[in-house]
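Remarks on the structure that follows.
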There are 2 protein chains.
Amino acid sequence: MSNDGKLKLDACFSPHLYSIYRDDDSIVVIIDIFRATSAICAAFHHGTEKMIPVATVQEAAEYKRQGFLAGAERDAIKVEGFDFGNSPYDYMGDHVKGKTIALTTTNGTQAIAVAKDAYKVVIGSFLNIDALCDWLIAENRNIVLLCSGWKNKFNLEDALFAGAVTEQLVQRSKDFKLGDGCLALKYLFEIGKKNPVKFLNYASHKERLAKLNLKKDIKFCLTLNYTKVVPVLEGKYLVNYSK
Amino acid sequence: MSNDGKLKLDACFSPHLYSIYRDDDSIVVIIDIFRATSAICAAFHHGTEKMIPVATVQEAAEYKRQGFLAGAERDAIKVEGFDFGNSPYDYMGDHVKGKTIALTTTNGTQAIAVAKDAYKVVIGSFLNIDALCDWLIAENRNIVLLCSGWKNKFNLEDALFAGAVTEQLVQRSKDFKLGDGCLALKYLFEIGKKNPVKFLNYASHKERLAKLNLKKDIKFCLTLNYTKVVPVLEGKYLVNYSK
């Protein structure tokens, strides 16, 4: 809590900065809009039972050897030999239903790794934003919005989403005191929400994905409330906390 | 340069992130609006010949023992036994004219320390913004806008100024390709420039300074173009490069 008895809501713009924002009594929201946290939400929506986020390709490969389905992405491309990359479309359909899937990605699973000792770690994306905010308000805790960024650099799409969460939480509850990161994001979202695709037009990672012909993924990852899943870390597993 | 032949312009929101943005061919602009970089600009405007930015109070004390004037601030307060804190008003008047002054502050001099191996390190504040941008455009180099923040956390006033520099550089030259940090700041400055004092109203450090009765400092640090000085690091010294 802050000095005035309010809950603290702040944003951390890179996993590399997390040590500065770390507060193990907080809930940490992991944000990697293009595309890890969007893919995780899609997987749970399609009935995945558990996911095992891991930091390295080697760890994901070990799970695959043990018979698990496994996804691996580096530099926006699926790593050879794995079942999935980090496109949400890879995780849609009966092939993921009831399964436990290991996953490693360039940014998102790194962010999960640094935050693993927080009070709770939850996965956020535009796909589950309302369900996420419902859950966050019910939890009634300090919150750190952890933007995965791109290789530890700030990125615009994760910031846009963190701004969307900030706006929704502030509109729905007077209990939050915003840190400077969230103050900036709230302003940013006021501009970005009018036309998110245009807002992100010059974003570095959007350019990167567009070059790889992933415009369909970009559009899908900006879909609001595709699902009500709330993936939360329990030990080494992500599980769905939605009711 | 970026792939399309343009100069890179990006923002780094914390000294703790600088290793991620580091590019020793870049010019690094050190930004600590409340109040180190504003105080440095004020000192040079009032005829200071050189400044010696140091990371620790011990180093500043050593310079004082050697007979130099020395400023030291921690947690927004002047450290006992030193000649100055980091209020710009401390550095105005004949007592600084022709002098060499050692300085250590909570955030700004830490940022200078991490960036010291860059191609050039320059001091920016609202007080010297136009002179700074003239100099940056003439240099024709990649630029990293290094926001000092507050104890390695993002802060709003440094981001606002970095946004002001981004807007001015982009308006005056088509040669820059913006990283995601600067894209966000450009949007942020569009909102903030209408009323900077109101924009910063809830900023954590502004609250901190207001509690210390430093509203006069806040107002002064938001003054545009008080001076034409361009303080640049040469070895261990800051010197004024303005013509």
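Please treat every number below as a calculation from the coordinates, not as lab data. What you see is a predicted model, and the numbers here were worked out from it, not measured in a lab. Quick reminder, even Gly has a Cβ in these numbers, built from the backbone with ideal geometry, and neighbours come from all protein chains shown.
Some notes on this structure:
- Annotation for region B:216-231 versus region A:71-109: alpha-carbon center distance of 51 Å.
- For B:142-155, mean number of other protein chain Cβ atoms within 10 Å: 3
- The H on the amide N of A:W150, modeled in the peptide plane, is under 5 Å from the matching H of A:N155, each at least 5 residues off or on a different chain.
- Peptide A:30-38 shows a mean partner chain C-beta count of 0 within 10 Å per residue C-beta.
- Taking other C-beta atoms within 10 angstrom as a stand-in for reagent exposure, B:K206, B:K194, A:K116 fall in the order B:K194, A:K116, B:K206, fewest first.
- Placing unit charges on each Cβ (+1 for Lys and Arg, -1 for Asp and Glu) gives chain B a dipole about its Cα centre, and among B:T166, B:I40, B:I77 the Cα reaching farthest toward its positive end belongs to B:I77.
- For the protein assembly as shown, DSSP calls about 25 percent of its internal beta bridges antiparallel.
- Chain A: relative contact order in percent, alpha carbon pairs under 8 Å with at least 6 residues between: 33 percent
- Residue mean of other protein chain beta carbons inside 10 Å, B:187-193: 4
- Restricting the calculation to Cα atoms, every distinct pair contributes to the Kirkwood radius of the protein assembly as shown, found to be 23.3 Å.
- Region A:163-243: C-alpha gyration tensor shape, a/c 1.5 cut-off, then a/b vs b/c: oblate
- Legend: residue pairs B:K198/B:K236; A:K198/B:K151; A:K97/A:K219; A:K219/B:K186; A:K99/A:K153, Cα-Cα distance threshold 31 Å; pairs beyond threshold, B:K198/B:K236; A:K198/B:K151; A:K99/A:K153.
- Distance in nm between pseudo-label sites at B:K219 and A:V170 (7 Å out along the Cβ direction from Cα): 2.6 nm
- Backbone HN-Hα couplings from phi across region B:127-135 [Karplus 6.51/-1.76/1.60, Hz, Gly and Pro as x]: 4, 10, 4, 5, 4, 4, 5, 3, 5
- 3J(HN,Hα) couplings calculated from phi for region A:102-113 with the Karplus curve 6.51 cos²θ - 1.76 cosθ + 1.60 (θ = phi - 60°) are, in sequence order, 7, 8, 10, 9, 4, 10, x, 6, 5, 5, 4, 4 Hz; Gly and Pro show x.
- Contour excess over end-to-end distance, with Cα ends at A:T56 and A:K198 and 0.36 nm allotted per residue: 47.8 nm
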